[in-house]
1. Considering only segment 144-188, how many residues are surrounded by 24 or more Cβ atoms within 10 Å (Cβ to Cβ) and within 19 Å of S13 (Cβ to Cβ)?
2. Given the structure, is R265 at pLDDT below 95, open to solvent by less than 70 Å² (accessible area, probe 1.4 Å) and out of contact with any strand residue (DSSP E or B) (no Cβ under 8 Å at 6 or more places or on another chain)?
3. Restricting to segment 232-266, count the residues that are in contact (Cβ under 8 Å) with a residue 24 or more places away in the chain and not in a helix (DSSP H, G or I).
4. Could you run through segment 228-240 and say how many residues are farther than 16 Å from L191 by Cβ and open to solvent by less than 10 Å² (accessible area, probe 1.4 Å)?
5. Quick test for you: out of F144, F122, F148, pick the one residue that is modelled with pLDDT of 95 or more and among the hydrophobic types (A, V, I, L, M, F, W, C).
6. So which strands (runs of 3 or more DSSP E) are wholly in segment 1-106 and hold at least 3 residues that are touching a residue at least 60 places away in the same chain (Cβ under 8 Å) and farther than 27 Å from F120 by Cβ?
7. For P88, only one of the following conditions fails: (1) more than 19 Å from the chain's Cα centre (by Cα); (2) farther than 23 Å from F148 by Cβ. What is its number?
8. May I ask you to list the residues in segment 115-134 that are touching a residue at least 40 places away in the same chain (Cβ under 8 Å), within 19 Å of T53 (Cα to Cα) and among the charged types (D, E, K, R)?
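The values are calculated or read from the model by the stated rules, or taken from the named source; none is laboratory data. Keep in mind it's a predicted model, so treat the numbers as computed, not measured. Glycine gets a Cβ as well: all are built from the backbone with ideal geometry, and neighbour counts include every protein chain shown. When the accessible area is computed, the model is the full protein with side chains, heavy atoms only, and any ligands, DNA or RNA have been set aside. Shrake-Rupley method; radii C 1.70, N 1.55, O 1.52, S 1.80 Å.
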Amino acid sequence: MTPIRIAAVQMVSGPDIAQNLREAERLVAEAAARGARLVALPEYFPLISGSETDKVRAREKDGAGPLQDFLRETALRHRVWLVGGSIPLEAAAPEKVRNSCLVFDAAGRRVARYDKIHLFGFRRGTEQYDESRTIEAGGSVVAFDSPFGRVGLSICYDLRFPELYRAMGTVDLLVVPAAFTHTTGQAHWELLLRARAVENLCYVLAAAQGGTHPSGRRTWGDSMVVDPWGAVLERLPEGPGVVSAEMDTSRIAELRASLPALEHRRFF
């Protein structure tokens, strides 16, 4: 298969949804202009505010709403497979959302939905997070077939749980939209991304929020593309922008032939 270009969009989203969508559109257009055929947006690309309940007010019914329309139309307009970071969709509980990653193909058809399974909790001094207060956890592992190989979906905190990626089976690309905190990102982000690439002998595409948001929240950024040997092909430390690199399935096959670790797996 001919190598294809994949891209990750990095943003510093704020509370203004319309402004965030304009910025996402601009950056997807930039990625497409670079020749990317698959583009990933970061977690919470349409909305990061000082109030965790804002996303509950912005949530949409599955299959209908302006955020979903934006993803569908953007994929179609730029003729790219678009991994839509995450948007808030309705949950069973009225006070919560599903943190959902939707994927649209280049014809604007939805091909996958993944709801974040692992909900972030962190407490150190005055820095505290508890996603379970406003997010309802998903329960299904999601991987899908594409013209570029098999793609597995995860979101942010999921990155710390390698068993999730093992449950996907053999994949060629892992996509990780994220909004890692500056504290945890500085310590673990690159380490975990490269580990997931090496463990699964696949490419990893990580699209992050990266900078100081209007609310004062600071996210780590460092969006990157990692190859199956754990090499970082391109990265963006902070601020809005695009990272892209070639994904070569023949390199995956070569590495898996020389180091057949996936065939050596044993489960007890």
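1. Total meeting the criteria: 8.
2. In short, yes.
3. Residues flagged as in contact (Cβ under 8 Å) with a residue 24 or more places away in the chain and not in a helix (DSSP H, G or I) within segment 232-266 amount to 18.
4. 1
5. F144
6. Hits in segment 1-106: none.
7. The one condition P88 does not meet is (1).
8. Once the filter is applied, which keeps residues that are touching a residue at least 40 places away in the same chain (Cβ under 8 Å), within 19 Å of T53 (Cα to Cα) and among the charged types (D, E, K, R), segment 115-134 yields K116, E127, R133.
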